[in-house]
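Peer 1: Have a look at the structure that comes next, please.
The values are calculated or read from the model by the stated rules, or taken from the named source; none is laboratory data. In this text the structure is predicted, and so the values were computed from the model without any measurement. Virtual Cβ from ideal backbone geometry, glycine too; neighbours counted across all protein chains shown. Ligands, DNA and RNA are stripped out before the accessible areas are found, and what is left, the full protein with its side chains, is counted by its heavy atoms. Shrake-Rupley method; radii C 1.70, N 1.55, O 1.52, S 1.80 Å.
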Amino acid sequence: MKRMPPALYCTPYGGFTADGREYVITRPDTPRPWVNVVSNGDYGFVVSQAGGGYSWRTHASLNRLTRWDQDLVRDEDGRYLYLRDDSSGEVWSAAWQPTQPDFQAYEVRHGLGYTSYLSSFSGVECAWTLTVPPDDPLEIWLVELTNRREQECSLSLFSYLEWLLGAAPDWHREFHRIFIETSYRPDAQCILAHKSLWDIPGGSGPGWNRGWPYTAFHAAGGDVAGFEADKSAFLGRYGRKSLPKAVKDGTLEGHAGRWGDGIASLHARVHLLPGETKTVVLVTGAADDDEQALALARRYTQEAQARRALAATRQGWEERLAGLHVESPDESLNILSNTWLPYQAISGRLWGRTAYYQTGGAYGFRDQLQDSLVWLLLGKPDETLRQIRLHAGRQFADGSVWHWWHPLAESGLRTGCSDDLLWLPYVLGRYIEETGDYPAFKLCEPYLDQPEGHSLWDHCERAIGRALGRFSPRGLPLIGDCDWNDGLNACGYREKGESIWLAQFLYGLLGQYALFAEKLNRPALTAEYRRRAGLLAAAVEKHGWDGEWYWGASTDDGVLLGSKSASEGTIFLNTQSWAVLSGLGAPERITGAWAAVEKRLLSPHGPLVLAPAYRKPDPSIGYITRYAPGLRENGGVYTHAATWALLAACKLGNGEQAYDIYRSIAPPIHGMEPEAYAAEPYVTPGNIDGPDSPHYGRGGWSWYTGSAQWFLRAIWDGMLGIRAEVGGLHISPCLPAGWKKVSARRAFRGCVYEVEISNPAGLPGGAARIWVDGEERTGRVITCPKGGCGGTHRVQVKLSAG
């Protein structure tokens, strides 16, 4: 594999390769752990630049394979490889942890579906690549050792991981370890591990009375000299991971069974002539049974098969991302859009559903529905539809839904959050806009309390109907346990508090579904949705305007939040952004609301979600007031909401302001000051500290955030202005002055559109002339053949003043 050097947005800690496909970390002591989330949709692992991390199958919290402690300061728990010079006894690790060697050279490459550690120590080069094959429940460790000494050398390679096998964290280890049984199969050079207890919610019968139904395995190819499956024997009495007794002594004693503390360690010997390179392949996984585990171990410890799997994983990601590509004057935008935002949304959010700042594994009803919109942009709408159907099956017949649920356990929390259920019609509506696939409304899924199938239209109608049935006496929707902002979880506990943001969101849905109902020949429902939309708009205009902006929510006691009457949390971002996005409001009020955003919320580090921050807990509002000021939803830059503000700026046609907002939240831009920003410069953080924090501008909660998909959508729907509508592909760029040319490729309804936006005068937007395959079109919507033509179309867009 050809290794490209870091070339873009370089700092002392690393930079992107020229094609943006890898982020190369050049020193191990990054300000915070910089990780990769690698998954094939079932099996996955998280790995940091230092070597920390964990592995799982299906659910990262309920079905964790390996132990890991969430300590982002130490970051010293993970899967490890030790190297030992058998002549001198010198010991070091392939990654920085756990021995923290003084490497002659060290770099870590996070890529699409893999991470590689490249190190040089004591004349030995080590390249350790970790990946997950496309279709099997395991991870592959490809270890290449090269002797750069002038004399031959004999090395020992020791692997190490600690079995968890079930629900994490196993904080009561002395209890959980006694259910783990290990064994060694020399015919496959493989350690097997089972656990006779699985502490998982749900199920019938008494608790604490089911076994873990998988077989964990750890195997190696090559010359395996020994194994160890007991932690005490490996580390030694009061031993340390930085220098385990077994590694120091150069031998594994071969303990296994039910009476130790279950680990997996294999010892491989490697003899190298000067300049010689040899490869050792190790695998770790969770199979359905012993037979499958041994078969997978034998197959993937073969070097040729391991390399084929790595190539297939890389090729799979190239194919997945091929439907969306942009070349703009801003390299950060190209890197994010072409590679890291879709990768984060899919590998981190849809498949892994976990990271470092938040270990998860559950599906959030609203969360993964929104994340699945990424597939529409990539030209893979069937994947979005699959997600829609999965979530529809987690809805009750009264329209309510699970706020989240656990796969494997199939248990969930019935939500009192007022917005959760509405994301089902929202995402299905975006799917219809992308595909024109009205027959999808007829597809059937059961309700949780009614096993027979009901159409997706029925699911959406019931969700909207339930929301319309939960209004205050003055005609505003009730906030319930919260709206999109989970931290407002006490506002509507007694079913009196209201949400203006929910009103704006619902208003947009009513308008869209009135059009759908009309298309499906449902005249009564069409009229009703339009009537309710009108009443809702009138109620918001009468009660929701605060003089200069729209207030955000009211509590059960009628206290307004996001209002000039409040000394803290005086203005909320979402109600101003969604006034623009929904179009609910008089034009002068929408203009005024956005002016308030410009004055009070836009900052060099992104739009603040509210201001000023709450400084003392208020039990009538919720846990948002219990965060430290300036963190997360309490006066920080909550990146998910910030992307909506970016979309709003684009809808208002302000290309310069939109670009300023883009740059204020773009990770590669922030990452140029790594000590201040701290978070990874290649994926979005959930939040950036606001001005009330002493660490203003610091990123946090990276990877596991819904902002990745929305940031990608804001770039394409907003800035590039290439967005799907029922009638076709709408072209309306909102570019900053000075951008004279942008090239973009987008898959849409079975065709590929290659769009060239020329702006010879460097204008910040304006009128546009459009040609498709050389023929000038009127209007801004490109219609495409029914069913798609399967071809590629060239679209020329020329911006001009007007």
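Peer 1: Taking Cα centroids, how far is the stretch 194-264 from the stretch 535-556 in Å?
Peer 2: For the stretch 194-264 versus the stretch 535-556, the Cα centre distance is 59 Å.
Peer 1: While we're looking at this one, here's another question. In nm, to one decimal, how far is the modelled label at ASP398 from the one at ARG626, with both set 7 Å along Cα→Cβ?
Peer 2: So the two model labels end up 2.7 nm from each other.
Peer 1: Just going by the charge dipole of the chain, with Lys and Arg at +1 and Asp and Glu at -1 on Cβ, which of TRP703, LEU390, SER554 is farthest out on the positive end?
Peer 2: Highest projection toward the positive end goes to SER554.
Peer 1: Give me the accessible area of GLU90, 1.4 Å probe, in Å² rounded to the nearest 10.
Peer 2: We get 70 Å² for GLU90.
Peer 1: For the stretch 617-731, what is the accessible area per residue in Å² when the probe is 1.4 Å?
Peer 2: It amounts to 26 Å² per residue over the stretch 617-731.
Peer 1: May I pose another question? DSSP loop (so not H, G, I, E, B), at most 15 other Cβ within 10 Å: list which GluC sites (Glu not before Pro) in the stretch 236-307 pass both filters.
Peer 2: For GluC sites (Glu not before Pro) across the stretch 236-307 that sit outside H, G, I, E and B with at most 15 neighbouring Cβ atoms in 10 Å, the list reads GLU253, GLU276.
Peer 1: Given C-alpha coordinates of the stretch 270-393, what is the ratio Rg to Rh with the Kirkwood estimate of Rh?
Peer 2: Taking Rg over the Kirkwood Rh, I get 1.08.
Peer 1: Another question about this same structure. About the Cα centre, and with charges only on the beta carbon of Lys, Arg (+1) and Asp, Glu (-1), how big is the dipole of the stretch 489-579? Nearest 20 debye, please.
Peer 2: My answer is approximately 460 debye.
Peer 1: Tell me the mean residue ellipticity at 222 nm calculated for the chain from its helices only (DSSP H runs of n ≥ 4, each -39500 (n - 2.57), averaged over every residue, nearest 500).
Peer 2: -7500 deg cm²/dmol
Peer 1: Continuing with the same structure: Suppose a student asked you for the relative contact order of the stretch 691-779, using Cα pairs under 8 Å spaced at least 6 residues apart; what percent would you report? Please list the in-between numbers first.
Peer 2: Numbers: 88 pairs, mean separation 15.6, N = 89.
Averaging sequence separation for qualifying contacts and normalising by length gives 17 percent for the stretch 691-779.
Peer 1: Additional query: Please state the shape class of the stretch 61-220: rounded when a/c is under 1.5, otherwise prolate if a/b exceeds b/c and oblate if not, all from the C-alpha gyration tensor.
Peer 2: Prolate, because a/c is 1.5 or more and a/b exceeds b/c.
Peer 1: Taking a cut-off of 16 Å between Cα atoms, list the aspartates and glutamates near LYS616, but don't count ones fewer than 8 places away on the same chain.
Peer 2: LYS616 reaches GLU568, GLU633, ASP692.
Peer 1: Using only the alpha-carbon atoms, how far is helix 381-392 inclined from the longest principal axis of the chain? Give it as 0 to 90 degrees, nearest 10.
Peer 2: It works out to around 80 degrees.
Peer 1: So which trypsin sites (Lys or Arg not before Pro) in the stretch 522-586 pass both tests, a DSSP loop state and at most 16 other Cβ atoms within 10 Å of the Cβ?
Peer 2: Of the trypsin sites (Lys or Arg not before Pro), the ones in loops of the stretch 522-586 whose Cβ has at most 16 other Cβ atoms within 10 Å are LYS564.
Peer 1: For the pair HIS730 and ARG258, how long in nm is the line joining their label points, each one 7 Å along Cα→Cβ?
Peer 2: 6.5
Peer 1: If you don't mind, another one. Just the number please: accessible area per residue for the stretch 388-433, 1.4 Å probe, all protein chains included, in Å².
Peer 2: 24
Peer 1: Cut-off 20 Å, label point 7 angstrom out along Cα-to-Cβ of ALA322: give me the residues of the stretch 742-763 whose amide nitrogen falls inside.
Peer 2: Flagged as within label range: 744-755.
Peer 1: With the cut-off at 1.5 for a/c, could you classify the stretch 569-691 from its C-alpha gyration tensor as rounded, prolate or oblate?
Peer 2: Working: a/c = 2.27, a/b = 1.10, b/c = 2.06.
Oblate, since a/c reaches 1.5 and b/c is not below a/b.
Peer 1: Quick check: Cα centre of the stretch 670-710 to Cα centre of the stretch 604-669, how many Å?
Peer 2: Computed from Cα coordinates, the inter-centre distance equals 12 Å.
Peer 1: Tally up the carbon and sulfur contribution to the accessible surface of the chain as a whole percent, 1.4 Å probe, everything protein left in place.
Peer 2: Accessible surface attributable to carbon and sulfur in the chain totals 50 percent.
Peer 1: Based on the alpha-carbon gyration tensor of the stretch 637-705 and its eigenvalue square roots a ≥ b ≥ c, which shape applies: rounded if a/c is under 1.5, prolate if not and a/b is larger than b/c, or oblate? Present the calculation step by step, with values, prior to reporting the outcome.
Peer 2: On the way: a/c = 1.82, a/b = 1.80, b/c = 1.01.
Prolate.
Peer 1: Follow-up. If one takes the longest principal axis of the Cα atoms in the chain, at what angle in degrees, from 0 to 90 and to the nearest 10, does the Cα axis of helix 587-600 lie?
Peer 2: 40
Peer 1: Additional query: Mind putting a number on the dipole of the stretch 408-564 about its Cα centre? Charges go on the C-beta only, +1 for Lys and Arg and -1 for Asp and Glu, and I need it in Debye to the nearest 20.
Peer 2: 560
Peer 1: Along the positive direction of the dipole of the stretch 428-510 (beta-carbon charges: Lys, Arg +1; Asp, Glu -1; about the Cα centre), which of PRO439, GLN450, ALA463 reaches farthest?
Peer 2: ALA463
Peer 1: Sticking with this one: With a 10 Å radius around each residue's Cβ, average the other Cβ atoms per peptide and rank 224-233, 53-62, 305-314, highest first. List each step's numbers first, then the result.
Peer 2: Working: 224-233: 21.8, 53-62: 23.9, 305-314: 17.7.
Put in order of decreasing packing, that is 53-62, 224-233, 305-314.
Peer 1: Dipole of the chain (Lys/Arg Cβ +1, Asp/Glu Cβ -1, origin at the Cα centre): which of ASN574, LEU235, LEU296 lies farthest to the positive side?
Peer 2: It is ASN574.
Peer 1: Leaving ligands, DNA and RNA out of it, rank MET719, MET4, MET672 by accessible area with a 1.4 Å probe, largest first.
Peer 2: MET672, MET4, MET719
Peer 1: Where does each of THR435, THR115 land when they are ordered by accessible area, with a 1.4 Å probe and the largest first?
Peer 2: THR435, THR115
Peer 1: Report LEU560's accessible area, 1.4 Å probe, all protein chains in place, as a number in Å² to the nearest 10.
Peer 2: LEU560 has an accessible surface of roughly 40 Å² with all protein chains in place.
Peer 1: Between TRP771 and VAL73, what is the label-point separation in nm under the 7 Å Cα-to-beta-carbon projection?
Peer 2: Taking the simple label geometry, VAL73 and TRP771 are separated by 6.3 nm.
Peer 1: Could you size up the charge dipole of the stretch 103-254 around its Cα centre, putting +1 on the beta carbon of Lys and Arg and -1 on that of Asp and Glu, and report it in debye to the nearest 20?
Peer 2: Using only the charged Cβ atoms, the result is roughly 520 debye.
Peer 1: If GLU162, GLU150, GLU756 are ordered by their accessible area, calculated over protein heavy atoms with a 1.4 Å probe, which sequence runs from highest to lowest?
Peer 2: From most exposed to least exposed: GLU150, GLU756, GLU162.
Peer 1: Now for a separate question. Could you report the stretch 79-230's accessible area per residue, 1.4 Å probe, as an integer in Å²?
Peer 2: Computed with neighbouring chains in place, this is 34 Å² per residue.
Peer 1: Relative contact order of the chain: what whole-number percent is it, with Cα pairs under 8 angstrom and at least 6 residues apart?
Peer 2: On the way: 1974 pairs, mean separation 77.9, N = 802.
The normalised contact order for the chain reaches 10 percent.
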